[in-house]
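Engineer: Have a look at the structure that comes next, please.
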Amino acid sequence: MKDVTLSQSVRQNLLSLQSTADMMARTQNRLATGLKVNSALDNPNSFFTSQGLNSRANDLASLLDSMGQGVQTLKAADTGITNVVNLVEAAKAKANQANQTNKIEDRRVFANEYNSLLKQIEDLARDAGYNGKNLLAGTGNDLAVVFNEDSTSKLIIEAIDLTDTSTFLGLNDVTTGTSSTGTVTEANLIAGREAGDELTLTIGSDTYTIEYGATTTAADIINALDAIPDVSASSDGTTVTITTAAGNFTLDDTNATSDMTTVTGTGYVAGSFDTETSVNAVLNDITESLNLLRDQASTFGTNLTVVENRTNFTKQMISTLANGADMLTLADTNEEGANLLALQTRQQLSSTALSMASQADQNVLRLFQ
């Protein structure tokens with residue numbers, strides 16, 4: 001109040017007491033908030049620098065989730081491609097088994113199993129996705145992992161297509177082939193039999209002979225046909241059915257004195273595993289596909305290492321930025337506690353000094369008493 005006049009000593013002690021109270025309030029605020037810079041008014045340079053560091057730390061922290069999902073997507077792809085390799089190796093084993101047998105019927109069984117394994121590869125590839133991304137499913141599944149806040153640092157991981165083994169792997173389903181079939185009645189089968197005669201079965205370039213004497217029965221002929229590799233014969237009591245996986249055939253007797261009607265087998269279609277040459281061609285394709293898969297697995301592994309390292313680096317950068325921001329704004333509670341204690345002591349001393357300064361005015365009052 002301007003109407004009240006204070007002595008110089010009282011005013012000086014009052015100002016000192018007010019200054020001490022202000023500093024105590026500031027110190028108590030720092031202890032309560034843990035910050036020495038609570039607003040731009042406290043220290044503009046430190047406040048805005050700290051805000052910038054914290055903003056960048058928050059931006060990087062928001063990318064960590066994306067990086068983590070990228071790691072999981074790559075792990076899913078790596079797991080998928082590892083198991084695809086196992087299935088391709090199983091398919092290779094089937095081709096090798098086909099190569100080790102001379103029975104075409106067995107080779108066709110292995111061909112069917114080979115095709116089944118290729119389908120399993122395609123099904124497995126379709127199931128290797130993670131969170132809507134499948135690096136084994138081709139177009140539309142490329143993965144972009146962003147490493148910094150302005151998206152200038154990123155890794156693009158290109159997807160491959162294993163959902164169709166004929167594309168990336170170059171492995172096509174093999175044809176299993178169709179056997180040649182012919183029929184003849186039992187009566188016609190023995191109609192041309194006579195002493196010294198023979199039946200000749202011709203399959204492609206191979207010829208087999210069967211004794212066809214006067215006492216030869218239909219059962220004898222059926223048994224003899226069954227004994228020939230890749231040939232089967234059976235009868236329902238009237239009609240004999242002859243089947244062979246080796247090619248179209250003809251069955252006829254060699255003596256025309258009493259001629260048997262020629263039996264012709266038709267419908268033969270060669271299978272991909274019917275010959276060693278064709279099986280070896282498939283094996284070469286499988287070897288190439290395994291090399292491609294192993295190279296791709298290595299690429300995914302490298303990408304995974306990059307993303308994991310960048311994730312760790314980002315975590316360390318966030319910690320560095322946060323620590324830097326804290327250094328600018330955090331209060332030293334030990335120091336502030338000591339300051340508060342000193343200020344409390346100063347406040348008590350200032351109060352005492354103010355009391356002593358006011359005694360001079362009180363002495364004037366005593367003159368009027």
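The values are calculated or read from the model by the stated rules, or taken from the named source; none is laboratory data. On a predicted model such as this, the values are computed, not experimentally measured, just so you know. FYI the Cβ positions are ideal-geometry reconstructions off the backbone, even for glycines, and counts take in every protein chain you see. Surface areas here come from the heavy atoms of the whole protein model, side chains and all, with no ligands, DNA or RNA. Shrake-Rupley method; radii C 1.70, N 1.55, O 1.52, S 1.80 Å.
Engineer: Please work out which residue is nearest to M317 (Cα to Cα), limiting yourself to region 127-143 and to residues that are without any contact (Cβ under 8 Å) to a residue 40 or more places away in the chain and surrounded by 12 or more Cβ atoms within 10 Å (Cβ to Cβ).
Structural biologist: Ranking the qualifying residues of region 127-143, first place goes to D142.
Let's see how each residue does on (1) touching a helix residue (DSSP H, G or I) at 6+ places or on another chain (Cβ under 9 Å); (2) of a type outside the set (S, T, N, Q):
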position: A214; (1), (2): no, yes
position: A227; (1), (2): no, yes
position: S235; (1), (2): yes, no
position: T243; (1), (2): no, no
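Engineer: Go through region 87-96 and give me each residue that's open to solvent by less than 60 Å² (accessible area, probe 1.4 Å) and basic (K, R).
Structural biologist: Correct list: K94 only.
Engineer: Scan region 47-86 for residues that are within 18 Å of Q120 (Cβ to Cβ) and open to solvent by 40 Å² or more (accessible area, probe 1.4 Å) and jot them down.
Structural biologist: T79, T82, N83, N86 - these are the residues of region 47-86 that are within 18 Å of Q120 (Cβ to Cβ) and open to solvent by 40 Å² or more (accessible area, probe 1.4 Å).
Engineer: Quick one: would you say T262 is closer than 19 Å to T217 by Cα, free of Cβ contacts under 8 Å to residues at least 60 places away in the same chain and in contact with a Ser or Thr (Cβ under 7 Å, 6 or more places away or on another chain)?
Structural biologist: It is true that T262 is closer than 19 Å to T217 by Cα, free of Cβ contacts under 8 Å to residues at least 60 places away in the same chain and in contact with a Ser or Thr (Cβ under 7 Å, 6 or more places away or on another chain).
Residue by residue, here is whether (1) polar (S, T, N, Q); (2) farther than 12 Å from I203 by Cα; (3) in contact with a Pro (Cβ under 6 Å, 6 or more places away or on another chain) holds:
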position: P229; (1), (2), (3): no, no, no
position: V240; (1), (2), (3): no, yes, no
position: T243; (1), (2), (3): yes, no, no
position: A246; (1), (2), (3): no, no, no
position: D259; (1), (2), (3): no, yes, no
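Engineer: Using beta carbons and a limit of 7 Å, which pairs, at least six apart or on different chains, have the first residue in region 35-61 and among the hydrophobic types (A, V, I, L, M, F, W, C) and the second one modelled with pLDDT of 85 or more?
Structural biologist: So the pair list comes out as L53/L321; A57/I318; A57/L321; L60/E149; L60/T314; L60/M317; L60/I318; A61/I318.
Engineer: Confirm whether S180 is among the hydroxyl-bearing types (S, T, Y) and either open to solvent by 40 Å² or more (accessible area, probe 1.4 Å) or without any contact (Cβ under 8 Å) to a residue 24 or more places away in the chain (or both).
Structural biologist: It is false that S180 is among the hydroxyl-bearing types (S, T, Y) and either open to solvent by 40 Å² or more (accessible area, probe 1.4 Å) or without any contact (Cβ under 8 Å) to a residue 24 or more places away in the chain (or both).
Engineer: So L124 ticks every box in (1) among the aliphatic types (A, V, I, L, M); (2) surrounded by fewer than 21 Cβ atoms within 10 Å (Cβ to Cβ); (3) under 19 Å from E288 (Cβ atoms) but one. Which box is left unticked?
Structural biologist: The number of the failed condition is (3).
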